[in-house]
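What follows is a set of notes on a single structure, which appears directly below.
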Amino acid sequence: LRDSDLAELSRLEHLVEVQIGPEHIDPQDPITEKGMAHLANCPDLCDLSIASDEITDAGVKHLARCHKLTELNLCSDQLTDASLETISQLDRLEKLGLSGTGFTDAGIRHLTRLPALRSVSVGPYNTPVPDAAPYVTYRAG
C-alpha cells in the first residue's frame, strides 16, 4: 500500500477501521503524511493502526481531524513529542499504542488531557509485542 491507496480508501463513506502492517507497505512508495491527510477525510474512522517508517509528526497532525478515533496504533521512529501533543486533542481516544524512540516523559504528559484514555503502550520501534520488557504500559481500571 501507498499514499494513493489511502486516497482511494478515504472515498469509502463509512470507513471505521484501517489496519496496515509494515509488510503491506510499498517500500518504494511508502505511506507518508500525504496518506495520513487522506485518512483525515474519513469522518467515521474509529480504529487506525499503521506501521510505516515514513510517518512523521506532520502526518500525525492530520489525525486531529479524526474526532471519532477511539483506538490508535502508530509505529515510526520519526514520531516525537509533537505527535503526542496532536494526539492529546483526540478526546474520544480510549486505547493508544506507540512504537518509536522520539518520546520523552514531557511528551507523555500530553496524554493526561485525554478523558477517555484507558490504555497506553509506548515502546521502541521494531520491538516484537511478546517481548514487552522495553514497553511502558498503562491501563486504567
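The values are calculated or read from the model by the stated rules, or taken from the named source; none is laboratory data. These numbers come from a predicted model, not from an experiment. Heads up, the Cβs are rebuilt from the backbone with ideal geometry, glycines too, and the neighbour counts pull from every protein chain shown. When the accessible area is computed, the model is the full protein with side chains, heavy atoms only, and any ligands, DNA or RNA have been set aside. Shrake-Rupley method; radii C 1.70, N 1.55, O 1.52, S 1.80 Å.
Remark: pairs (first residue in the stretch 108-121, open to solvent by 40 Å² or more (accessible area, probe 1.4 Å); second residue assigned to a strand (DSSP E or B) and of a type outside the set (Phe, Trp, Tyr); Cβ separation under 7 Å; 6+ apart in sequence or on different chains) = ILE108/VAL122; ARG118/LYS95; ARG118/ARG139. Pairs are defined by a Cβ separation below 7 Å, a sequence spacing of at least 6 or placement on different chains, a first member in the stretch 19-35 that is closer than 23 Å to CYS46 by Cβ and open to solvent by 30 Å² or more (accessible area, probe 1.4 Å), and a second member that is assigned to a strand (DSSP E or B) and among the aliphatic types (A, V, I, L, M); the pairs so defined are PRO22/ALA51. Looking for something among the charged types (D, E, K, R), closer than 18 Å to LEU63 by Cβ and not in a loop (DSSP other than H, G, I, E, B) - is there at least one such residue anywhere in the stretch 10-21? Yes: one or more hits.
Among residues of the stretch 35-74 being among the small types (Gly, Ala, Ser) and in contact with a helix residue (DSSP H, G or I) (Cβ under 6 Å, 6 or more places away or on another chain), the one that is nearest to GLN89 (Cα to Cα) is ALA64. Of all residues assigned to the stretch 101-110, at least one qualifies as being more than 21 Å from CYS46 (Cβ to Cβ) and assigned to a strand (DSSP E or B). Residues in the stretch 111-125 that are more than 23 Å from SER52 (Cα to Cα) and part of a helix (DSSP H, G or I): 2 in all.
Pull up the stretch 59-86, narrow it to residues that are part of a helix (DSSP H, G or I) and open to solvent by less than 40 Å² (accessible area, probe 1.4 Å), then point me to the one that is farthest from VAL18 (Cα to Cα).
ASP81
If the condition is being within 23 Å of ALA116 (Cβ to Cβ) and either under 10 Å from the mean Cα position of the chain (by Cα) or among the hydroxyl-bearing types (Ser, Thr, Tyr) (or both), then the stretch 35-54 contributes MET36, ASP47, LEU48, SER49, ILE50. The number of residues in the stretch 1-25 that are charged (D, E, K, R), closer than 19 Å to SER76 by Cβ and at pLDDT below 90 comes to 1. Among the conditions (1) part of a loop (DSSP other than H, G, I, E, B); (2) of a type in the set (A, V, I, L, M, F, W, C); (3) open to solvent by 40 Å² or more (accessible area, probe 1.4 Å); (4) under 20 Å from LEU114 (Cβ atoms), the only one that LEU93 does not satisfy is (3). Scanning the stretch 46-58 for residues that are within 19 Å of VAL120 (Cα to Cα), touching an Asp or Glu at 6+ places or on another chain (Cβ under 8 Å) and open to solvent by less than 10 Å² (accessible area, probe 1.4 Å) returns a single hit, LEU48.
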